[in-house]
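In what follows, a single structure is set out as C-alpha cells and then discussed.
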Ligand SMILES: Nc1ncnc2c1ncn2[C@@H]1O[C@H](COP(=O)(O)OP(=O)(O)O)[C@@H](O)[C@H]1O
Ligand SMILES: [Mg+2]
C-alpha cells in the first residue's frame, strides 16, 4: 500500500500515523508538504491530526485552502482512498469532501480520553477488519469534534450507512445525545457517497498496539493493507 | 563609542529616585550601576540593569544557597547554568529538561499566563537541540471556596492545554494542591522533557568575533514590558488595577519555531542559541555574550517590530513570546534564512559578536546603551539575607487526640471524606483536557505514580514526576525539602525507573523576611542532603520569590521535577490491582506518624507537629529494591505511599484496577494511625501467591521490612473484617469532586 | 479603508459556545437572558480605497476563507 | 431587547489568529490587506425592556464573564 501523509504547518500527528502504518503495514508512508501542488502516485492520502495553522479562525479552515488541496480533491474524485483523522476530518468538511462541520465540543473543553466506538459499517475499505469485533476502544483528543450537519444530510448519512463510527457506552448503547463532545447522533466518523473518503475524530493511530494501552485502532490499518493486497 | 555618547543619545528622560525605585533598584544598587558605568545610566540602560538585577534574572537572594545543591553524577552532561539540564540515557542519547514558574502572570491572566509558561519552558528545552517529548505541570491554587479559585483553575488548565495540545507535545502528568495560603498567589510550574543526541546538543555561549547575531521567530511588540520585574515584586491590592501588558501566547508559531530550529540544528550552522525568555532580548543577548566572554553589538533598527515607534527601552525589555536569538557561523545566514522562510518565521541579522566585553546597542544611528557585560551578570548584587529556619512546634497531636470516633462516620467516614476531598480527589478533570497521547509514546498516562514516555524507536522509556508536600515544608523546611526529593525518587522507583536527576522550581514568599528566607534555606539544605544521599543531582531549576499578597506568604513550595530511566519499557509497574487473589505486600513497614498528615489537617484541622521524618538510607534501599524487582520482571503492580497514608494508597490501587482488597492489620497500634499515618520510604505491591514468599525473602535479605498485609479480592476494601468500603462508592466520590466543584 | 465583518452561525445551527455562555450567565445569577449566540468579528485594514472594489474583495475573502457558508452567514460593513 | 456585543483585543495585544488569517489571505492571493484583527461578536436576547437597566446588565455580564478585560475591550449596542 502506497500511503502519503500531508504535512501542514501545525500538524502534530503526522509522524504518529506514519509510524502506525509502517508498524502495521510494513511500509512507511511518504510525507508530503502542504505547499506542493502535486501528489505522487498514491493508494491512500492521509490528512493527519494536529492543529494546522493553530486551528485559528476555524479548525481545518486554512489548511483546506493549501496548495496541495486541489491535488487531494482530484485524487478523491478519481476514487482514491482519502482518510482524515481528527484535524484531517475537519479539513475534509472544510474542503467540501464530506458534509457538515465540526464545532467546539459541547462543554467547550478539549477532551483527551479513550472512548468506545461502534463500527457501524464494516463494508468499507477502511473498516472491513472491524467486522469480527465491531466495538472498539480508541483515543479521542480534540477540541472541535461536535459534528453538525443539516437534517437532510444527517438523514442521508444514516440511510446510506455512511455513519461509520459512533460513540457508544461500554455496553454498546449508542450515545445519540450523550457523546462526550456533543456530536449529533453520536457521530464519530463518516464516509462520502463514493465510500472512498473517510473522516473520523478519534485517533486509530494512538491505540494500535497493546504497549500503548490498546489496539482498537489497528483494524483500520489492516483493512487498508488487505484492501490493496487483494486488489 | 564612548560612554558619554550613550548617555547623551537618549530621549533625555531624567533618572529620578522615583524612576529608580519603579525599576525595583534600591539606592545602593543604583550606586553600583553608576560605579559600573562610570556615569549615570540613561533610561534604556536603567531598564537593562533593572531586569538583569531583578530577583528573577540575578538570583540575588538565592544564589549563595543554590550552590549547596549537588549537581554532578556520572550521567550528568550539563548541570545548572544552561537553558536546561542534560543527562545521558545511553546509546548516545540525552534527556534535556527543566521546570519553570509562571506564577504572577497566571494570577493576572490565568489562560495566557499559563499558556505562555508552557511556551517558555518548551523553548528552554528545544533551544538545546532537544525535541520536546513531554510536558508536566505542578499547580497550587487557593482554597476551593475562595471566590477566585474556580476561575483561576479553569483558566490555567485551559491555557496549559491550549498551548501544549496545539504544539503537539503530550502533557503527561503533574500535581495539584489547594490551600488558602495560595489564595492570592497561585503557583503554575511547568516542566518540559526533551530528547537529543549527545553529539547534537546546543549551548548558549557566544563565540567568534564578528559572527552574526540572528533573531528568529515572532515580531517584537510591547508585550509584558517589565514582566521580569513584576515576577519579582510582591503583589499588593493595586496590582490588579495596574495590569501590565499581558503576553499572549501563539502556540502555532511555537510549533513552527520548534520545527524550524530543529531543522537548522541538523546542520552545523549554529554557534550558540538561546530563547528569549523573561527580559527577552536583554537577557538572551547579555547571557550569550557574557557566557562566551565576548561582547555583543545589536542594531535595534533591524529588530522585527510588530508595532510602530518602539523605543530602544521597549525593544530591550519586551517579553514578546516565541522568539530566539542565535549566533551563526559566518556565511551561513542565507542557508539559515531559507529554513525560517519555509516555516514563515521572521529572520533578521541584528548584530554581531565583538571583543569589547560590552553590550552595545544602536538605534536610529545613535548608541543608546553601552554596558560592561560583567556588571550585568557576575557582578550583579548577591545578598546573604538574614534567615531563621523555623522548627516544628512540639510533638504534635498523639493518636488519641485524633480519634476517628470524632469524625462523622468514624474510621469508615474518614477514608471516604479524604478520598473525595479536594486534596485527594482524582485530577481527571484536569488531565482530560490535556492531550496526553500525541506522539504515540505515552505508555504511562496521568494517574500513575510517574508518567512514562517511550524513547521513540527504542526499548527505553523516561519516567517523569513532580513532587513536593508544602505542608511538610511549612512545618519543617529541612525535612520538607528532603521529603520532596525523596517522594520524587519514590515515584520513579515505583514505576521501575532508575532515578537520574531533578529540576526544581523553588517557590517562596518575600526573602527579605528572615522566616521566609529561613524556609528557603532550610528547604534547599534538606533537598541538598537528599540529593546527595540518593545520587540524584539537580541539573536545572528556577527560583520564584515574593509570592505573597498583603503580607501573607504562600506555603514554602520547592517543587521537584524528576526523571528516571526505564531500560526495557515492557518491564514497568502500574498502580492498579491486576488480578484476584494476589498477595498485597507492604515494603518499608507500618507507620503511625499522624502529625501533618492529611488525616490530621483535613479532618481535625490540626496543623501541629513535625512532618514524617525522612530516612534517606531507607529511601535508597527500598527504592532500589523495588525498582530492581520491577526491572527484572518480578513486580508489575506497585504504588508508593504518600498523601493520606496506607489506606489511601490501597484505595487508589483498588480504584485504578477495579478490584478490591482484604486487609489484616496489626491491632497493637491504633488502627487509624496505621491506616492514615504518612511514614515515608514505603511501597505497596501485589504479586501472585506463588511469588510472594520469594519477594519477601529477597527484601529481608537486604534488610528491608516486607510483609503481607492482605490480598486482592472482590469489589470492596475491608480491614480486619470490621471496616468495609464499597469500591464503587469510593470511586464515585474520588471521581466526582473535581467535575462537581468546577460545575458549581 | 476598513472592512468590518460579522460572521454568525446560521439559524438552526447549534451554537455550543453560545449555549455555554448562556449557562454560565445563568450560573452567575443573570436571569433575564433568553438566548446567546456567539459569532466572530473580523476587522480588515484594506489598501483599496474604492468602496465597490473593496466590498467585492471582502466578499470574496469571506466566501473563500473567512466564513464557512455551510454553517455561517456573514455581513460586511465598510468604514472609512 | 437585544444586546450586540463586540469584544476586541486591546491595542498592542498580540492577535495570533488575526496574524495567521492575514497570512492565509495573502497566500490566497489577496494582496491589499494590511492588518487583520479577530474579535468576538455576541448577541444576547434580554428579557429586560428598559434600556438603561439592560445596558447596565449587559455591562456587568461583559465585565464578569464575556470579556477578559485584561486584554480585551468591549462595546455594547442595544437593539430593539
Ligand atoms: N495538574 C495535573 N496535570 C496532569 N496530571 C496531574 C495533575 N495533577 C495531578 N496529576 C496526576 O494525578 C496523579 C496523582 O497525583 P499525585 O497525588 O500528586 O501523585 P503522587 O502522590 O504519586 O505524587 C498523578 O498521576 C499525577 O500525574
Ligand atoms: Mg506516588
Please count how many residues of region D:54-76 are in a helix (DSSP H, G or I) and either buried (at least 20 other Cβ atoms within 10 Å of the Cβ) or within 7 Å of another protein chain (Cβ to nearest Cβ) (or both).
8
Kindly indicate whether residue B:280 is at positive phi, modelled with pLDDT of 95 or more and more than 10 Å from every other protein chain (Cβ to nearest Cβ).
no
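Does residue A:93 satisfy being modelled with pLDDT of 95 or more and within 21 Å of residue A:225 (Cα to Cα)?
Working: modelled with pLDDT of 95 or more: yes; within 21 Å of residue A:225 (Cα to Cα): no.
The answer is no for residue A:93.
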Which of (1) surrounded by fewer than 20 Cβ atoms within 10 Å (Cβ to Cβ); (2) over 15 Å from the mean Cα position of the chain (by Cα); (3) closer than 25 Å to residue B:151 by Cα; (4) within 9 Å of another protein chain (Cβ to nearest Cβ) is the odd one out, the single condition residue C:29 does not satisfy?
(4)
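Return a yes/no flag: does region A:93-108 have any residue that is within 14 Å of chain C (Cβ to nearest Cβ) and without any contact (Cβ under 8 Å) to a residue 24 or more places away in the chain. Give the steps one after another, and end with the answer.
Here is the first cut: in region A:93-108, the ones within 14 Å of chain C (Cβ to nearest Cβ) are A:93-108.
Then drop every residue that is not without any contact (Cβ under 8 Å) to a residue 24 or more places away in the chain, which leaves A:96, A:108.
The answer is yes; a qualifying residue exists.
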Go through (1) closer than 21 Å to residue D:28 by Cβ; (2) within 17 Å of the chain's Cα centre (by Cα) for residue C:39 and report which single condition fails.
(1)
Scan region B:169-191 and give yes if some residue there is touching a residue at least 40 places away in the same chain (Cβ under 8 Å), out of contact with any strand residue (DSSP E or B) (no Cβ under 7 Å at 6 or more places or on another chain), more than 16 Å from ligand 2 (Cβ to nearest atom) and closer than 24 Å to residue B:260 by Cβ, otherwise no.
no
Qualifying position, being buried (at least 24 other Cβ atoms within 10 Å of the Cβ), modelled with pLDDT under 95 and away from chain A (no Cβ under 14 Å), among B:228, B:206, B:190
B:228
Strands (runs of 3 or more DSSP E) fully within region A:1-75 counting 1 or more residues that are touching a strand residue (DSSP E or B) at 6+ places or on another chain (Cβ under 9 Å) and surrounded by fewer than 24 Cβ atoms within 10 Å (Cβ to Cβ):
A:3-7, A:30-33
Residue selected from region B:604-624 under the condition out of contact with any helix residue (DSSP H, G or I) (no Cβ under 6 Å at 6 or more places or on another chain) and assigned to a helix (DSSP H, G or I), by the criterion nearest to ligand 1 (Cβ to nearest atom)
B:622
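Among the helices (runs of 4 or more DSSP H) contained in region B:20-89, which hold 2 or more residues that are surrounded by 19 or more Cβ atoms within 10 Å (Cβ to Cβ)?
Output list reads B:27-37, B:43-52, B:55-58.
Hey, any hits in region B:587-597 for a residue that's closer than 27 Å to residue B:500 by Cβ and surrounded by 24 or more Cβ atoms within 10 Å (Cβ to Cβ)? Break it down into steps so the answer makes sense when it comes.
Going through region B:587-597, the residues closer than 27 Å to residue B:500 by Cβ turn out to be B:587-588.
Okay, now just the ones that are also surrounded by 24 or more Cβ atoms within 10 Å (Cβ to Cβ), so B:587-588.
Within region B:587-597, one or more residues are closer than 27 Å to residue B:500 by Cβ and surrounded by 24 or more Cβ atoms within 10 Å (Cβ to Cβ).
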Within region B:399-439, tally of residues that are assigned to a loop (DSSP other than H, G, I, E, B), away from ligand 2 (no atom under 16 Å from the Cβ) and in contact (Cβ under 8 Å) with a residue 12 or more places away in the chain
12
Being buried (at least 22 other Cβ atoms within 10 Å of the Cβ) and not in a strand (DSSP E or B) is the filter; apply it to region B:446-467 and report the residue that is nearest to ligand 2 (Cβ to nearest atom).
B:449
For region A:122-231, please list each of the strands (runs of 3 or more DSSP E) lying entirely inside it that holds at least 1 residues being more than 18 Å from residue A:88 (Cα to Cα).
A:135-142, A:163-167
Return yes when residue D:36 is assigned to a loop (DSSP other than H, G, I, E, B) and within 14 Å of chain B (Cβ to nearest Cβ) and no when it is not.
no
What's the number of the condition residue A:107 fails, among (1) under 23 Å from residue C:20 (Cα atoms); (2) modelled with pLDDT of 95 or more?
(2)
Residue B:501 vs. criteria within 10 Å of ligand 1 (Cβ to nearest atom), within 22 Å of residue B:76 (Cβ to Cβ), touching a residue at least 24 places away in the same chain (Cβ under 8 Å) and crowded, with 24+ Cβ neighbours inside 10 Å
no
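With respect to residue A:205, determine if the residue is touching a residue at least 24 places away in the same chain (Cβ under 8 Å), touching a helix residue (DSSP H, G or I) at 6+ places or on another chain (Cβ under 6 Å) and within 13 Å of chain B (Cβ to nearest Cβ).
Numbers: touching a residue at least 24 places away in the same chain (Cβ under 8 Å): yes; touching a helix residue (DSSP H, G or I) at 6+ places or on another chain (Cβ under 6 Å): yes; within 13 Å of chain B (Cβ to nearest Cβ): yes.
So residue A:205 fits the description; yes.
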Note: among B:492, B:418, just one is touching a helix residue (DSSP H, G or I) at 6+ places or on another chain (Cβ under 7 Å), closer than 26 Å to residue B:731 by Cα and away from chain A (no Cβ under 14 Å), namely B:418
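Yes or no: region C:6-16 includes at least one residue that is within 11 Å of chain D (Cβ to nearest Cβ), surrounded by 14 or more Cβ atoms within 10 Å (Cβ to Cβ) and either part of a loop (DSSP other than H, G, I, E, B) or over 15 Å from the mean Cα position of the chain (by Cα) (or both).
From region C:6-16, those within 11 Å of chain D (Cβ to nearest Cβ) are C:6-9, C:15; that's our starting set.
Narrowing further to those that are surrounded by 14 or more Cβ atoms within 10 Å (Cβ to Cβ): C:6-9, C:15.
Next, only the ones that are either part of a loop (DSSP other than H, G, I, E, B) or over 15 Å from the mean Cα position of the chain (by Cα) (or both) stay: C:15.
The answer is yes, given that some residue of region C:6-16 is within 11 Å of chain D (Cβ to nearest Cβ), surrounded by 14 or more Cβ atoms within 10 Å (Cβ to Cβ) and either part of a loop (DSSP other than H, G, I, E, B) or over 15 Å from the mean Cα position of the chain (by Cα) (or both).
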The residue from B:298, B:317, B:257 that alone is at negative phi, over 26 Å from the mean Cα position of the chain (by Cα) and buried (at least 22 other Cβ atoms within 10 Å of the Cβ) is B:298
Is there any pair linking a residue in region B:482-497 that is more than 13 Å from residue B:616 (Cα to Cα) and within 9 Å of ligand 2 (Cβ to nearest atom) to one that is in a helix (DSSP H, G or I) and modelled with pLDDT of 95 or more, with Cβ under 7 Å and at least six apart or on different chains, and which?
B:494/B:626
Among the residues in region D:39-53, are any within 14 Å of chain B (Cβ to nearest Cβ) and either assigned to a helix (DSSP H, G or I) or at pLDDT 95 or above (or both)?
yes
Considering only region B:429-473, state which residues are within 12 Å of ligand 1 (Cβ to nearest atom), more than 27 Å from residue B:538 (Cα to Cα) and either more than 14 Å from every other protein chain (Cβ to nearest Cβ) or over 20 Å from the mean Cα position of the chain (by Cα) (or both).
B:429, B:432
Output the residue which, of all residues in region B:643-662 that are out of contact with any helix residue (DSSP H, G or I) (no Cβ under 6 Å at 6 or more places or on another chain) and outside any helix (DSSP H, G or I), is nearest to ligand 1 (Cβ to nearest atom).
B:658
Given the conditions (1) within 13 Å of chain C (Cβ to nearest Cβ); (2) free of Cβ contacts under 8 Å to residues at least 24 places away in the same chain; (3) touching a helix residue (DSSP H, G or I) at 6+ places or on another chain (Cβ under 7 Å), report the number of the one that residue A:154 does not fulfil.
(2)
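The values are calculated or read from the model by the stated rules, or taken from the named source; none is laboratory data. The structure presented is a predicted model; accordingly, all values stated were derived computationally and were not measured. No Cβ is skipped: glycine too gets one built from the backbone with ideal geometry, and neighbour counts run over all protein chains shown.
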